[in-house]
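Everything on this sheet refers to the single structure shown next.
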Amino acid sequence: MATSRLPPATLTLKQFMRRQQVLLLYRRILQAIRQVPKDSDRKYLKDWAREEFKRNKSATDEVTIRMMITQGNMQLKELERTLALAKS
């Protein structure tokens with residue numbers, strides 16, 4: 001019987017693509033947070049984002065991960081809208 005030469009922690013293509021989505025969302029959230037004018041608010045939001053991603057790091061259910069990505073994108077859009085309003 002042939003065994004796989006891949007290490008046991010190798011991601012499937014779907015998992016790899018989902019991971020890329022999560023990392024992109026995290027980077028986009030941090031970029032948006034950098035635009036927050038007040039230092040204390042910026043630190044609070046950065047800590048919040050970091051904690052949320054750490055808390056959900058072990059999630060493996062595909063549906064749950066998709067839901068969290070959707071929720072994160074909605075929160076990012078809300079933050080971007082709020083920042084845009086604050087600038088105008």
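Which members of the range 49-88 meet the condition of being of a type outside the set (A, V, I, L, M, F, W, C) and either closer than 17 Å to L24 by Cβ or touching a strand residue (DSSP E or B) at 6+ places or on another chain (Cβ under 7 Å) (or both)?
If the condition is that a residue be of a type outside the set (A, V, I, L, M, F, W, C) and either closer than 17 Å to L24 by Cβ or touching a strand residue (DSSP E or B) at 6+ places or on another chain (Cβ under 7 Å) (or both), then R50, E52, N56, K57, R66, T70, Q71, G72, N73, Q75, K77, E80 are the ones that fit.
May I ask you to say which residue of V63, V22 is assigned to a helix (DSSP H, G or I), β-branched (V, I, T) and exposed (fewer than 11 other Cβ atoms within 10 Å of the Cβ)? Working first, answer last.
Details: V22 fails: exposed (fewer than 11 other Cβ atoms within 10 Å of the Cβ).
Result of the check over V63, V22: V63.
Given the criteria open to solvent by 90 Å² or more (accessible area, probe 1.4 Å) and under 21 Å from L79 (Cβ atoms), does R55 qualify?
Values: open to solvent by 90 Å² or more (accessible area, probe 1.4 Å): yes; under 21 Å from L79 (Cβ atoms): yes.
Yes; evaluated as a whole, the condition is true for this residue.
Please verify whether N73 is surrounded by 13 or more Cβ atoms within 10 Å (Cβ to Cβ), in contact with a Ser or Thr (Cβ under 9 Å, 6 or more places away or on another chain) and either of a type in the set (S, T, N, Q) or at pLDDT 95 or above (or both), treating the condition exactly as stated. Before you say what the answer is, go through the steps one by one.
Working: surrounded by 13 or more Cβ atoms within 10 Å (Cβ to Cβ): yes; in contact with a Ser or Thr (Cβ under 9 Å, 6 or more places away or on another chain): no; either of a type in the set (S, T, N, Q) or at pLDDT 95 or above (or both): yes.
Criteria not met by N73.
Condition check ((1) modelled with pLDDT of 90 or more; (2) among the charged types (D, E, K, R)) across all residues:
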position	(1), (2)
T3	no, no
T10	no, no
F16	yes, no
L24	yes, no
R28	yes, yes
Q35	yes, no
S40	yes, no
Y44	yes, no
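The values are calculated or read from the model by the stated rules, or taken from the named source; none is laboratory data. All values reported here derive from a predicted model rather than from experimental measurement. For neighbour counting, all protein chains shown are included, and Cβ atoms are generated from backbone atoms with ideal geometry for every residue, glycine included. Areas reflect the complete protein model, heavy atoms only, side chains present, ligands, DNA and RNA absent. Shrake-Rupley method; radii C 1.70, N 1.55, O 1.52, S 1.80 Å.
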